[in-house]
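See below for the structure under consideration.
The values are calculated or read from the model by the stated rules, or taken from the named source; none is laboratory data. In this text the structure is predicted, and so the values were computed from the model without any measurement. So basically every Cβ, Gly included, is an ideal-geometry build from the backbone, and we count neighbours across all protein chains shown. To get the accessible areas, we keep the full protein, side chains included, count just its heavy atoms, and leave off ligands, DNA and RNA. Shrake-Rupley method; radii C 1.70, N 1.55, O 1.52, S 1.80 Å.
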Amino acid sequence: MATSTLLLVFLLTGSFSASNLSAAQLGASPLFGSSAVFNRDDPIAVDEDNLGIDAPADWPVYELYDLFENLFQDRGDPDQKRAVNINTIGEVPDSSWFTNRIGAREMSVEEIATGPNLSGPPADGQWKVIGRPGAGVTPKFMIEDRKGSRFIFKFDPMEYPEIASGAEIISSKFFHAFGYNVAETYIVSFTKDRLEIASGATFTTDTGVTLEIDQVDVDHWMSNAPVGPGGVYRALASKIIPGEAVGGFRFFGTRPDDPNDIFPHEHRRELRGYRVISAWLNHDDSRALNTYDSFVEEDERRFIKHYLLDFGSALGSASIGPNEPRGGNEYLFEGELVWKSALTLGIWHRPWLTADIPAIPSIGNFEAEHFLPQNWKPEYPNVAMDHMDAADAFWAARIIDKFSEKLIAAVVDEAQFSDPRAVVYVNEVLRKRSNKAVNHWITQTNPLDEFALIGRGGSVVLEWENAAVRVGVATDAGSYGVRWSTFDNRTSSEFQISDQEVGTTRIGVPVNAWGSPDAFGYRYLRAHIFTHHADFKWWKEPVIVTVRDKGAGGVDIVGIDHPREYPSLNSR
Amino acid sequence: MIRRLHFADPQWLPSARLKFARPAIVSLLALFTSVTGLNAEPLGTVREFAIALPPRVAGFPLKVDDLLRSNVVFGKTAFLQQTENGSTAGQWRTARQAKRTNLAVPEKTDVEAGVVWIDTTRRRRGGWHGFVPAGGGFPSGAGPSFRIIWNKEGIGVRYPDELTPNRVDLQGSVGLSLRGYYLGLFEGGWQRIGGTPVHMNFHVGYQHNANESFYGLGKESALEDRAGFSETMRTGGVVLLWQSPSWFYVGGGIGYRDTKLGEGNNAYRSLRDVNLGQLPGDVEQAEHIAYDGFAQVDWRNKGYHYRGGLYAIRWSDWRDRKLGAFNFKKLDIEVQQYLPFLMNKRVIAFRARAILTDTEPGQEVPFYLMPTLGGTRDLRGFNHDRFRDRNMILLNVEYRTEIWAAMDLALFVDTGKVFREHSDINLMDLSTDYGIGLRLKSTLATFLRADFAFGDEGFHTAIRAGSSFDSPSLFGRLLQVMQ
């Protein structure tokens, strides 16, 4: 076995020079990977969590229990560990949970504005009412168009037209561009005569009784929907997600009947970073009830795909009206604030009660002046969000930063607000909240990114950018300290080579001082990069960049580790 | 070879670079092993092995710690020997295959099952064939009580709402309390008759209040003069009212009330010991037919009131058809006003109420039909029905502050008086109390109210459902209780 392994090493490394490794070293090398920090395929770009599985059980999320569980019970792993589903450069691989989009590549305005809407809105012609989904407070029913596509139609409340549909359209496009799986959603305008009731269609009432759908039901479901001139209704058409619904996912633990689900959800970076985008969009309804697991078939394999849905309670909306001013500012129950308010007999009041929000019915309670990203909260605690560390937040904030003013405007246009004040106001608030969120979370860790290796005049240079400087929240750093060390991938040991201080964002790589080769014959160097900035003292915690020499395979950056701890008050 | 590398550059993927080399390597290995006889497995073979995972890994209760302690660790930290090619993707794939050997069906814990049952049950508002259990429905002093209500809203209508024409509702209830109170009531309504703004409500009822109190007439009555009595009533009534626009009501009705008094079942002295024959209605009780008319403007917000106002006036003429001695007229005026601020999270609520009676010479208002003050709905710092006389004025002021989404804290002051002559209508010699309260609420209603009041006669607590400003069925939709 050892001999064939050695042969493999020789063959795989191509032009690998046997003189660089003694036979003893090779012979003494452990077999692949039991203690290797980096594997050959690191950093991976795709997590193959789509292995075929047997049909899972339906595992619904119950609203009241979800509230109870997250408010009063301790769930999830209490340890605040590094996110476990990331690759070695701190990125989230594509998976059944997340697809890198705007964070990984340029997206055009058209692509952002289209979002997940690839198959098109309900076809022209008659729509058959076929049922009514039970969950949620929004008036809705399900239709099937002439092509057999099924959509859930949801309506805005009479007194606040466009509030929920606008919020849902805008948020779903942002969440999709960010990388999450969301349903296709469209704004549709129609008159009642386009609806007909499918023969035998039934629904279940709130009291658990199953009835055949009658015209009186459709009239009732639409009774509180605003009607425009000519009897035209506006609805949000949400396309039924392909696959078989098998419940929702929790923000902690794993699904016990899904072998693909091996990373505790509270340790998934994209679920932790969900806090950042939710804060930006004030999606305080970001709870397990608004998740969706679908048992899909793709490439002849059946597996569970994980979606986020129901964004009608984002921005300033609460689906059936404006969001409570508390939304995003406070949990449903916070004992300390209750006592404070009670003991002062209401003299002390929550700061956000004085927010000056214009009365725009299609927007509701959405503002940026009192918004503090670090204080933003969903309706009740979310275990994954609570596990978000500074590195998770940095990852998410960098993605939010990619949404330019132009892209934001394009998405807002998709909401088709009839009130021009709404368009202007939402754009302004989204921009301000984005700036606040990015500026805050970008600076909570040493904000170096965009690492690259450049060949320059026969030498190798490591370059980087300071994200905080790039977004404009910080001036140029005073200097950067770089400590180079060899790195032994087999033992994780480091041996310091040099300590340098540079005033720019580049430094030469000491290519003559690689560490011992690992079992694959790869050698490593490590740079601990400290940022010295008078205003951000905690940036002196280093970003650790690992460079790998693959011989004929070239040199690449195989590891990037950002400090995870938030700065303490003392370090500010 | 040195290249500028970026995460977005797909060409850095080592597996991609090796993709085409793999078949060649496998072939060479196969050749080598066949020649040498060595047992070499092809590149990329995943060696199957068993991981001793604890049962129900990642099920409920969570065993995440066990999973992490069993050396199946994820990401780039240490991992048991997994694959021959040292691949992160391979390690994760092996972990998934290992989990496949220890799957569990998601199950609810007992707590979850219980909460789900409660949630499911509460949604079934229809109860069991329309029957639902309830509490309350009795005056203060009745003690803990229990009722069964049968409710049928919108007979023949699938969605009975306020605008449904010809909507018929029926409700029946029976109840009893631990202190001997009991009642039976049947009421109904026919709303928006023929699609018009006209509604009709009716009720018939029988109620026995076992433990009512009498302290004497007038403001000067003494606490220690408390006497007890029981009151049994047969009542009935029909009301027609017009509601248009939605905030304006005007209407009238006719009602019947037959009253019998008896001994109370409490420790206080009997009413018969209190100037027997001097108290109007203490020896013989009347059988009344009453005619009334009312008008009301109600622009309070629906549900839990924090905005708007209520202005109501009701005039009634009571005819004693049995004794001919207790004919009287009554005027009932109520004003409520709510002043919200700080995003409706602070409210100052006012209520003013006056009940004035008038009789012709030789007629009297029976004492049991005189307006009273004292109890959980008016002067909260005094006993129930502490003050009684022919006329009454009341003023309540509350400052409510939301301390939690589901709870308000209230500071209140109640003041009022009873008096015999209309000339005594003034703001002098009022009985006053003050206190603090908590309200458990939703946007729909006050579920539970706890008031702690301090008055001249001590400290009183009251815990009951409903708002402090809800006058008992003054202009209720279904019930028109004659009082």
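Using the crude model of +1 on Lys and Arg Cβ and -1 on Asp and Glu Cβ, and no other charge, please compute the dipole size for the range A:140-263 relative to its Cα centre, in debye to 20. Mind dumping the intermediate values first?
Working: 12 positive and 18 negative charges, 85 e Å.
Charge dipole, the range A:140-263, about its Cα centre: 400 debye, nearest 20.
Packing here is the average count of other Cβ atoms within 10 Å per residue, and on that basis the peptides A:412-423, B:240-251, highest first, run A:412-423, B:240-251. When the surface is traced with a 1.4 Å probe over the full set of protein chains, B:L438 keeps roughly 60 Å² accessible. The mean number of partner chain beta-carbon atoms within 10 angstrom of a residue's beta-carbon across peptide B:91-99 is 5.
Rounded, prolate or oblate for the range A:61-116? Axes are the square roots of the Cα gyration tensor eigenvalues, ordered a ≥ b ≥ c, and the cut-off for rounded is a/c under 1.5. Since a/c reaches 1.5 but b/c is at least a/b, the shape of the range A:61-116 is classed as oblate. Determine which aspartates and glutamates satisfy two conditions relative to B:K152: a Cα distance under 18 Å, and not lying fewer than 8 residues away in the same chain. Qualifying aspartates and glutamates at Cα under 18 Å: A:D206, B:D161, B:E162, B:D169, B:E187. Accessible area per residue (1.4 Å probe, heavy atoms of protein chains only) ranks A:Y274, A:Y292, B:Y434 as B:Y434, A:Y292, A:Y274, with the largest value leading.
For B:Y399, the solvent-accessible surface computed with a 1.4 Å probe is close to 50 Å², ligands and nucleic acids excluded. Ordered by solvent-accessible area of protein heavy atoms (1.4 Å probe), largest first, the residues A:H349, B:H288 come out as A:H349, B:H288.
Placing +1 on the Cβ of every Lys and Arg and -1 on the Cβ of every Asp and Glu, with nothing else charged, gives chain A a dipole about its Cα centre of roughly 1340 debye. FRET efficiency for the pair B:S244 and B:R420, taken as 1/(1 + (r/R0)^6) with r the Cβ-Cβ distance and R0 = 56 Å, rounds to 0.90.
Accessible-area rank, largest first, for B:L331, A:L353: B:L331, A:L353, with all protein chains present and a 1.4 angstrom probe. Starting from the Cα gyration tensor of the range A:64-218, take the square roots of the eigenvalues, sort them a ≥ b ≥ c, and report rounded, prolate or oblate (rounded when a/c is under 1.5, otherwise prolate if a/b is larger than b/c, else oblate). Verdict is oblate for the range A:64-218. Look at the dipole of the protein assembly as shown built from charges on Cβ: of A:F203, A:L353, A:Q80, the Cα furthest out on the positive end belongs to A:Q80. By definition, a body whose alpha carbon gyration tensor gives a ≥ b ≥ c is prolate when a/c is 1.5 or more and a/b is larger than b/c, and chain A fits this prolate description.
Contour minus end-to-end for A:S479 and A:Q500, with contour as 0.36 nm per residue of separation and end-to-end as the Cα-Cα distance?
This chain segment gains 6.5 nm when fully extended.
Here the protein assembly as shown is assigned +1 on the Cβ of each Lys and Arg and -1 on the Cβ of each Asp and Glu. Its dipole about the Cα centre then comes out at about 820 debye. The separation of the range A:127-185 from the range B:177-202, counted between C-alpha centres, amounts to 40 Å.
Bridgeable lysines around A:K192 (alpha carbons under 21 Å apart, same-chain partners fewer than 8 residues away excluded): A:K128, A:K140, A:K147, A:K154, A:K239. The H on the amide N of B:N391, modeled in the peptide plane, is under 5 Å from the matching H of B:F419, each at least 5 residues off or on a different chain. Relative protection proxy for B:449-456, A:194-201, from highest mean packing down: B:449-456, A:194-201 (other beta-carbon atoms within 10 angstrom). Treating r as the C-beta distance of B:V132 and B:T443 and R0 as 22 Å, the FRET efficiency rounds to 0.55.
Rounded to the nearest 0.05, the FRET efficiency derived from the C-beta distance between B:L170 and B:D429 at R0 = 56 Å is 0.75.
Just counting partner chain Cβ atoms within 10 Å, what average do the residues of peptide A:334-347 show around their Cβ? Don't skip to the end; give the middle numbers.
Working: counts 2, 1, 0, 2, 7, 2, 1, 7, 7, 2, 2, 7, 12, 1.
Average per residue, whole number: 4.
Accessible area per residue was computed with a 1.4 Å probe on protein heavy atoms; A:K81 scores about 50 Å². Loop-located GluC sites (Glu not before Pro) across the range A:157-186 with a Cβ neighbour count of 14 or fewer within 10 Å are A:E159, with loop assigned by DSSP.
For a protection proxy built on the mean count of beta-carbon atoms within 10 angstrom, sort A:542-550, A:124-132, A:169-177 highest first, please.
Numbers: A:542-550: 22.8, A:124-132: 16.6, A:169-177: 26.0.
The densest-packed peptide leads the list: A:169-177, A:542-550, A:124-132.
The range B:362-429 to the range B:237-275: how many Å between their Cα centroids? Their Cα centres are 17 Å away from one another. Shielding of peptide A:257-268 by partners, expressed as the average count of other chain Cβ atoms within 10 Å per residue Cβ, is 5. Using alpha carbons only, how many degrees (0 to 90, rounded to 10) separate the axis of helix A:420-442 from the longest principal axis of chain A? Its long axis makes an angle of about 30 degrees.
The helix-only estimate of mean residue ellipticity at 222 nm for the protein assembly as shown, built from DSSP H runs of length n ≥ 4 each weighted as -39500 (n - 2.57), is -5000 deg cm²/dmol after division by the residue total. If a paramagnetic tag sat 7 Å from the Cα of B:V116 along the Cα-Cβ line, which residues of the range A:277-302 would have the backbone N under 18 Å from that point? A:288-294, by backbone N distance to the label point.
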